[in-house]
1. Across the stretch A:3-39, what is the total count of residues that are within 16 Å of residue A:83 (Cβ to Cβ), surrounded by fewer than 21 Cβ atoms within 10 Å (Cβ to Cβ) and within 10 Å of chain B (Cβ to nearest Cβ)?
2. Quick one: residue A:37 ticks every box in (1) out of contact with any helix residue (DSSP H, G or I) (no Cβ under 9 Å at 6 or more places or on another chain); (2) within 24 Å of residue B:90 (Cα to Cα) except a single one, so which number is it?
3. Which members of the stretch B:93-115 meet the condition of being facing chain A (nearest Cβ under 8 Å) and in a loop (DSSP other than H, G, I, E, B)?
4. Failed condition for residue B:18, given (1) crowded, with 18+ Cβ neighbours inside 10 Å; (2) at pLDDT 95 or above, with all others met?
5. What is the residue count in the stretch A:69-98 for residues that are more than 14 Å from every other protein chain (Cβ to nearest Cβ) and either closer than 16 Å to residue A:5 by Cβ or in contact with a strand residue (DSSP E or B) (Cβ under 7 Å, 6 or more places away or on another chain) (or both)?
6. Given the residues A:64, A:109, which is the only one that is in contact with a strand residue (DSSP E or B) (Cβ under 8 Å, 6 or more places away or on another chain) and either away from chain B (no Cβ under 14 Å) or modelled with pLDDT under 95 (or both)?
7. Does the stretch A:41-61 include one or more residues that are in contact (Cβ under 8 Å) with a residue 24 or more places away in the chain and farther than 27 Å from residue B:34 by Cβ?
């Protein structure tokens, strides 16, 4: 019973364009959502997060959108750069609980 | 300077063997974690220690035994290895027990293959 799903295993985008990574969840008790970025042979690193009381959080080129009614969040990267090529994990938690991760989306940004 | 390091990076072994994975963090953090990334790529927490005390123990077979000799180290010992144990195991640390895991720092992972 996977409560956080990233249905696109991969995404390919041209440099300078927008990358949109999607994540769906089933547990309505999740109240905090995070995105992690992972390069090959490295551990995940925190990228950006959003609380369920917000619907948008922005940090430089990265913006996370949350649609609670649809139980959907997305990560927008604009403009995309080749160095953004990595696996992106979505994660969610309920108050005081451990994180539940999605299976990741491999983003490739082509020069 | 590696903040969270794991050894070995790769581990290939036979079914039934016992093996250990070591983790060390030089960040001065109080809390350390073990995660497992399975073949479906999901990252799942296994254990967490805070100041050498076990605070999370997920539904993990008791063949897996974490050991924290001090707060900078959290080792994972696995007895009687099975094929299904093949995965990437990530160690992580955080300044304190934190469910807002943006404060967690991950190691590079140990790729375990059981033949």
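The values are calculated or read from the model by the stated rules, or taken from the named source; none is laboratory data. Note that the structure is a prediction, hence the values are computed from the model and not measured. For neighbour counting, all protein chains shown are included, and Cβ atoms are generated from backbone atoms with ideal geometry for every residue, glycine included.
1. 1
2. (1)
3. Passing the criteria: B:99, B:100, B:104, B:107, B:108, B:109.
4. Checking residue B:18 against (1) crowded, with 18+ Cβ neighbours inside 10 Å; (2) at pLDDT 95 or above, the one that fails is (1).
5. Summing the residues that are more than 14 Å from every other protein chain (Cβ to nearest Cβ) and either closer than 16 Å to residue A:5 by Cβ or in contact with a strand residue (DSSP E or B) (Cβ under 7 Å, 6 or more places away or on another chain) (or both) in the stretch A:69-98 gives 13.
6. The conditions single out A:109.
7. Going through the stretch A:41-61, the residues in contact (Cβ under 8 Å) with a residue 24 or more places away in the chain turn out to be A:44, A:47-48.
With the extra rule that they be farther than 27 Å from residue B:34 by Cβ, the set shrinks to none.
There is no residue in the stretch A:41-61 that is in contact (Cβ under 8 Å) with a residue 24 or more places away in the chain and farther than 27 Å from residue B:34 by Cβ.
Per-residue answers, yes or no, for (1) without any contact (Cβ under 8 Å) to a residue 40 or more places away in the chain; (2) in contact with a strand residue (DSSP E or B) (Cβ under 9 Å, 6 or more places away or on another chain):
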residue: B:7; (1), (2): no, yes
residue: B:14; (1), (2): no, yes
residue: B:19; (1), (2): no, yes
residue: B:26; (1), (2): no, yes
residue: B:67; (1), (2): yes, yes
residue: B:80; (1), (2): no, no
residue: B:87; (1), (2): no, yes
